[in-house]
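Here, each number is a calculation from the coordinates, and none is a lab measurement. Here the structure is a predicted model, which means the values were calculated and not measured. For neighbour counting, all protein chains shown are included, and Cβ atoms are generated from backbone atoms with ideal geometry for every residue, glycine included.
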Amino acid sequence: MPGLDLLTANDRPGVHAGSWYAASTSIPPAEPALTGEAAADVCVIGGGYTGLSAALHLAEAGYGVVLLEANRIGWGASGRNGGQVGPGQRQDQDWLEAQVGRVAARALWDLAEEAQALVRDLIARHAIDCDLRRGIAYAAHKPGYVAEYNAYGEKLARDYGYDAALPLDAAGVAAMLGTDAYFGGLHYPRAAHLQPLAYALGLGRAAKAAGVRIHERSRALRRAGGRVETAAGAVAAPHVVVACNGYLGGLEPALAARVMPINNFIIATEPMGEDRAAALMRGGVAAADSRFVVNYWRLSADGRMLFGGGESYGYRFPRDIAGLVRPRMLGTYPGLADLRITHAWGGTLAITANRMPAFRRLDGFALAAAGYSGHGVAMATLAGKLIAEALRGSAERFEVFARLPQPSFPGGTLLRWPLLFLAMSWYAMRDRL
């Protein structure tokens, strides 16, 4: 929407959102803003998973890296999301095979498996305390979806050698998730979930220890080739990484045409007690359902329900986020009506028209990745590694994503928002039929 700015529309500049994540994590002192002229081998724009991973991998390879973050490390979607480190790509393997063929679909599956392993490795290697736990259950909210889930699990085992998509019937879902709202599903015991802001801050500490020069409160205002300007300085570098995702704005118009920012929301309840929490979700799994506007949830380490759901397609968050999300939680867990909501927050992610991430060479200086479409914890971390590989001269794996057709959103600057709202509203209505 012209005239509004997602970096300032809903949040105080330089201050983390009022999430349970920020309240339960030690936030380090701010890094100094950029002033004056700086030079580096690589300038990274954006302090989320993509930018931090790229900066860390490049610094470990001996490159001099300056990272510019408009607010604080992990301030955007990387510090506000549902924390799920799920399997596969955002689109399933049937879709990928139909679009790009079985060879490329297999490569994309293997990269998704590597993305999960990379998250686990970075957490272990850098001793990141982020409550990493195993297991995600995907729950079917309509009876007709159960057969599709079962068939997909069988396909993964048959065609991809993946035997860890385990079918659940209604009783299995009820036993695992403590709700009778679903008809079946799939359990992925090798998937994972974590505290996303703690993970982002851990990547930031690792990047700084590797020699990355981090400048917070240093918004990139414009880029001309290898020169990136902020309000108080500039960085000159032969290589630039654009890692802004939903907060890109108009910085890179060719990329902005292919990614659309949307808002999503999460609530946290007060702690419910160890016994009640253990009975609610067995085995410490996280969960998500089959709705187009997906519900997703997990328990915190101290026994809170962290429940996400609901979207908005303008720049402004709703005034009553808890009032938007709490009914969705109670639709799944009516027995939680007695719990007080202690935190409610929103964040902006980026989607693409085909829901696959947009990897792009912007020109001879800059590489970009964005548009993870709600599947970004692992994929954005991997994107940073693949960008680092490409800048070091090995671009084959980056190109697996860059070759994916990535159409622009229709409607141009003025009509893309209302067209998106109409499309999303139709799918949301279909969920209720």
- line: At the level of C-alpha centres, the distance separating region 286-355 and region 109-152, in angstrom, is 19 Å
- line: One would report the antiparallel percent of DSSP beta bridges in the chain, rounded to the nearest 5, as 65 percent
task: Convert 4 °C to kelvin, take the viscosity as 1.567 mPa s, use the Kirkwood radius over C-alpha pairs of region 179-320 as Rh, and evaluate the Stokes-Einstein diffusion coefficient in µm²/s, rounded to a whole number.
output: 68 µm²/s
message: Please give me the summed charge of the neighbours of E31: other residues whose Cβ is under 9 Å from its Cβ, Lys and Arg +1, Asp and Glu -1.
response: +2
message: Could you tell me the calculated FRET efficiency between V293 and A9, based on Cβ-Cβ distance and R0 = 22 angstrom, to the nearest 0.05?
response: 0.55
- line: The Cα radius of gyration of region 64-120, divided by 2.2 N^0.38 Å with N its residue count, comes to 1.52
query: Quick one: Karplus J couplings for region 183-197, per residue in order, coefficients 6.51, -1.76, 1.60, θ = phi - 60°, nearest Hz, x for Gly and Pro?
result: 9, x, x, 10, 10, 10, x, 8, 5, 8, 8, 7, 7, x, 5
- prompt: By average Cβ neighbour count within 10 Å, what is the ranking of 133-141, 80-88 from highest down?
  reply: 80-88, 133-141
field: Relative contact order of the chain, defined on C-alpha pairs under 8 angstrom at six or more residues apart (%)
entry: 24 percent
query: Once both labels are modelled 7 Å past Cα along the beta-carbon direction, what's the R222-D338 spacing in nm?
result: 6.1 nm
- prompt: Once you put a point 7 Å from the Cα of D41 and another 7 Å from the Cα of D163, both along the Cβ direction, what distance in nm separates them?
  reply: 4.3 nm
- prompt: Taking 0.36 nm per intervening residue step and subtracting the Cα-Cα distance, what contour gain separates D110 from R355 on full extension?
  reply: 86.4 nm
task: Give, as a single signed number, the net charge of other residues whose beta carbon lies under 15 Å from the beta carbon of G47, with Lys and Arg counted +1 and Asp and Glu -1.
output: +3
Theoretical ellipticity at 222 nm over the chain - DSSP helices of four or more residues, -39500 (n - 2.57) apiece, nearest 500: -11000 deg cm²/dmol
task: Mind checking the full-extension length gain between R120 and W95? Use 0.36 nm per residue of separation minus the Cα-Cα distance, one decimal, nm.
output: 6.3 nm
query: Just one of (1) 64, 51, 45; (2) 71, 59, 37; (3) 62, 47, 46 is Cα extents along the principal axes in Å as worked out from the coordinates here. Which one is it?
result: (3)
task: Just grab the label-to-label distance for L330 and E399, each label 7 Å out from Cα along the Cβ direction, in nm (one decimal).
output: 5.6 nm
query: lysines within cross-link reach of K208: Cα-Cα under 22 Å, excluding same-chain residues under 8 positions apart?
result: K385
Evaluated at q = 0.17, 0.21 Å⁻¹: base-10 log I(q)/I(0), Debye formula over Cα of region 306-384: -0.82, -1.01
- line: Total charge of the residues flanking V65 in space, meaning their Cβ is under 11 Å from its Cβ, with Lys and Arg +1 and Asp and Glu -1, is 0
query: So what is the relative contact order of region 114-220, in percent, for Cα pairs below 8 Å that sit 6 or more residues apart?
result: 35 percent
- request: Please express the Cα-Cα pair-distance distribution P(r) of region 154-252 as a list of whole percents, one per 5 Å bin, running from 0 to the bin with the greatest distance.
  value: 2, 9, 11, 13, 11, 9, 8, 9, 10, 10, 6, 2
message: Over 17 Å apart: what share of the alpha carbon pairs of region 1-71 falls there, rounded to a whole percent?
response: 59 percent
message: What lysines does K155 reach when the alpha-carbon gap must be under 22 Å and sequence neighbours fewer than 8 apart in one chain are set aside?
response: K142
